[in-house]
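Inspection log for the structure reproduced underneath, given as structure tokens.
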Amino acid sequence: MSNNRIICLVDMDCFYVQCEQRLLPDKWGKPCAVAQYNNWGGGGIIAVNYEARAFGIKRGMRGNDCMKLCHDLHIFPVPAKNDKADLTRYRDASSEVFQVIDEYIQSLEKENKVSEQIILERASVDEAFLDLTKFINSKPLKLPDIQDLEAFNTKLNYNDLSLKEWIEQIKVRGVYNEQHLQLIMGALLVGRLRQLIYEKTQFKCSAGISHNKMLAKLTCGKNKPNAQTILPMEGVPTYFESVRITDVRSLGGKLGKQVKEMFKIETMAQLNQISQFLLNSSFDSSTAKWLHQLTMGIDDEIVTNRKLSKSIGCGKNFPGKNALSKPQDIKHWINVLCEEIFTRMENDRLTNKRLANQIVVGFSTAKKANSSKSINLDLVGDQYPKTDYIASKVIQTVMTSSEQFEPFQNLSIVATKFTDIKPDQFKTTTIDKFFKKTDIPKQNNSKLIISDEMEKSKNNNLTTKIEEIRDFDLCAQSKLDTDGDKVSSKMESFFFRKILSLYDFNNQNIYKMEFENESKEQQIVD
Ligand code: DCP
Ligand code: MG
């Protein structure tokens, strides 16, 4: 059945702009944009709020051109670190939003005394799909007050009917269409979620409520900002007269372009008119069938239970004369990117108890855009190798590729192929509780002290862990100023590894441990 699921998409409105406005509240309600940190032409615009869009300002324009369209435009530069964009602010804000969504789902399921009824899929930094089917099916269906829906700025995407007219029609007919009621209940649930997101984060968002991912995504954009739009199956044929093929999420790339050019058409309604015979003669049978179903608003793609992003990536462009031609420059930037990615991978490992198994290095040259090479990390156990090791592997891979003779116009590194660390495998979670955060500044010969608790368990738990890491004796590289009598070399290597990982991603902080018996403070000389 094409309409037996209730799928929603929640998408934050002009997300990066809102993140900046929250830090500078004077700017709420005023035309604003966010520009990439480089200054050429006033920076490249990557996010535009709706007040600025009214002046014709769009993503991809240069800041200076935007200022000509709107003199009052405020342009926020993307924060920069190590001479490259630093997106931490937006990622953190995204985590806040997902935390609210997660808590909301948990509260609904708790109320219903069941778990895993609602599926949440993180689709991007500011988008989430929700499959509400099971939850809604477990509730008695009833038509809510129209005011409740209007309070959430709910619209209808069905010919030119207003929400009110549609609901009146439903009432008059007396026989309620189950799918319509389910959509309306979905809209109420998502409306409450949007309100909660606003209350907890100050961010406004929009939502699409329909029967599958394709329709939810399309209809979400229909009445942005700060609105939600219901698309019933009956609304699809008329709506698709105005939907461009390449606006459909699975047709945004090469295939969509190919379809458009092949049949000289623009819209989904036009694609619907292409006969199955013609589609079959142009594509393999499964693609042809799938394309035809899309044109009828049918999309079977499931909402996957995924609260975390599938990859962690960072990159930098080197346009024009900034292209990297010298090996030392390429090495420098690979090191910078690896430093960033490793910090985020480590954070992710500890927070989300998972490990990336592959690194994909991407680069473009004037001759060849978007080359990529994969590196398997060949992980043993529950930890990553050191940043230097990852960086050297990346450098080796990139420098031995034939493209090295062409200057690099961009470089990117993406960590991917995540696997969960099984609880019994994740040794550091049990060890982490022994570490206390301290505010000792980086340059200050920070202290390494083992806690009482750690000492007590030294003979069982910890000893095993130390044994397990004996193959990683980093003693020789260690900057740890050890007292050989007090600390065995195995212990040293363990501490050094531990300190390294904690130190690396906290950057400014070091973790503090205390010896019980010796009350001896070991120095880490930075
Ligand atoms: N983004 C980016 N570069 C792009 C697309 C997006 O840096 N090519 C960033 C900036 C956006 C954020 O990701 O604020 C979310 O992307 P969206 O496509 O959801 O765009 P917005 O949230 O800005 O606007 P909208 O209200 O249309 O969702
Ligand atoms: Mg958005």
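The values are calculated or read from the model by the stated rules, or taken from the named source; none is laboratory data. Being a predicted model, the structure only gives us computed values, none of them experimental. Neighbour counts run over all protein chains shown; Cβ positions are idealised from the backbone, glycine included.
At a glance:
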read-out: Helices (runs of 4 or more DSSP H) completely within the range 1-110 that count 3 or more residues being touching an Asp or Glu at 6+ places or on another chain (Cβ under 8 Å) and surrounded by fewer than 18 Cβ atoms within 10 Å (Cβ to Cβ); value: none
read-out: Filtered residues of the range 82-112 (kept if basic (Lys, Arg) and touching a residue at least 24 places away in the same chain (Cβ under 8 Å)); value: Lys84, Arg89, Arg91
read-out: Condition check for Gly297: crowded, with 18+ Cβ neighbours inside 10 Å and farther than 30 Å from Thr397 by Cβ; value: yes
read-out: Failed criterion for Ile230 (all others in (1) of a type outside the set (Phe, Trp, Tyr); (2) under 12 Å from Asn153 (Cα atoms); (3) within 13 Å of ligand 1 (Cβ to nearest atom) hold); value: (3)
read-out: Members of the range 1-13 found to be more than 8 Å from ligand 1 (Cβ to nearest atom), touching a residue at least 40 places away in the same chain (Cβ under 8 Å) and not β-branched (Val, Ile, Thr), listed by number; value: Ser2, Asn3, Asn4, Arg5, Cys8, Leu9
read-out: Any pair with Cβ under 9 angstrom, 6 or more apart, that starts in the range 113-132 at a residue that is without any contact (Cβ under 8 Å) to a residue 40 or more places away in the chain and ends at one that is more than 11 Å from ligand 2 (Cβ to nearest atom) and part of a strand (DSSP E or B); value: Ile118/Leu130; Ile118/Asp131
read-out: Residue match in the range 351-373 (condition: out of contact with any Ser or Thr (no Cβ under 6 Å at 6 or more places or on another chain) and in a helix (DSSP H, G or I)); value: yes
read-out: Long-range neighbours under 6 Å by Cβ, at least six apart or interchain, first residue closer than 20 Å to Leu231 by Cβ within the range 190-206, second of a type in the set (Phe, Trp, Tyr) and surrounded by 15 or more Cβ atoms within 10 Å (Cβ to Cβ); value: Gly191/Phe152; Leu193/Tyr104
read-out: Residue that is surrounded by the fewest Cβ atoms within 10 Å (Cβ to Cβ) [pool: residues in the range 321-336 that are assigned to a helix (DSSP H, G or I) and basic (Lys, Arg)]; value: Lys321
read-out: Residue within the range 69-79 that is within 23 Å of the chain's Cα centre (by Cα), in contact (Cβ under 8 Å) with a residue 12 or more places away in the chain and within 29 Å of Thr229 (Cβ to Cβ) present; value: yes
read-out: Residue within the range 207-219 that is part of a helix (DSSP H, G or I), within 16 Å of ligand 2 (Cβ to nearest atom) and either hydrophobic (A, V, I, L, M, F, W, C) or touching a Pro at 6+ places or on another chain (Cβ under 9 Å) (or both) present; value: yes
read-out: Close pairs (9 angstrom Cβ cut-off, 6 or more residues apart or separate chains): modelled with pLDDT of 95 or more and more than 14 Å from ligand 2 (Cβ to nearest atom) in the range 14-33, part of a helix (DSSP H, G or I) and acidic (Asp, Glu) anywhere; value: Lys27/Glu20; Gly29/Glu51; Lys30/Glu51; Pro31/Glu51; Cys32/Glu20; Cys32/Glu51
read-out: Tally of residues being under 22 Å from Gly320 (Cα atoms), modelled with pLDDT under 90 and under 23 Å from the mean Cα position of the chain (by Cα) across the range 372-418; value: 0
read-out: Any hit, the range 52-64, residues being touching a residue at least 24 places away in the same chain (Cβ under 8 Å), under 30 Å from Asp299 (Cβ atoms) and away from ligand 1 (no atom under 14 Å from the Cβ); value: no
read-out: All positions within the range 133-165 that are in contact (Cβ under 8 Å) with a residue 24 or more places away in the chain, among the hydrophobic types (A, V, I, L, M, F, W, C) and buried (at least 16 other Cβ atoms within 10 Å of the Cβ); value: Phe135, Ile136, Leu149, Phe152, Leu156, Leu163
read-out: Residues satisfying the stated conditions in the range 360-380, i.e. among the small types (Gly, Ala, Ser) and exposed (fewer than 15 other Cβ atoms within 10 Å of the Cβ); value: Ala366, Ala369, Ser372, Ser374
read-out: Among residues of the range 256-276, those that are crowded, with 16+ Cβ neighbours inside 10 Å, of a type outside the set (Gly, Ala, Ser) and either part of a helix (DSSP H, G or I) or out of contact with any strand residue (DSSP E or B) (no Cβ under 9 Å at 6 or more places or on another chain) (or both), counted; value: 9
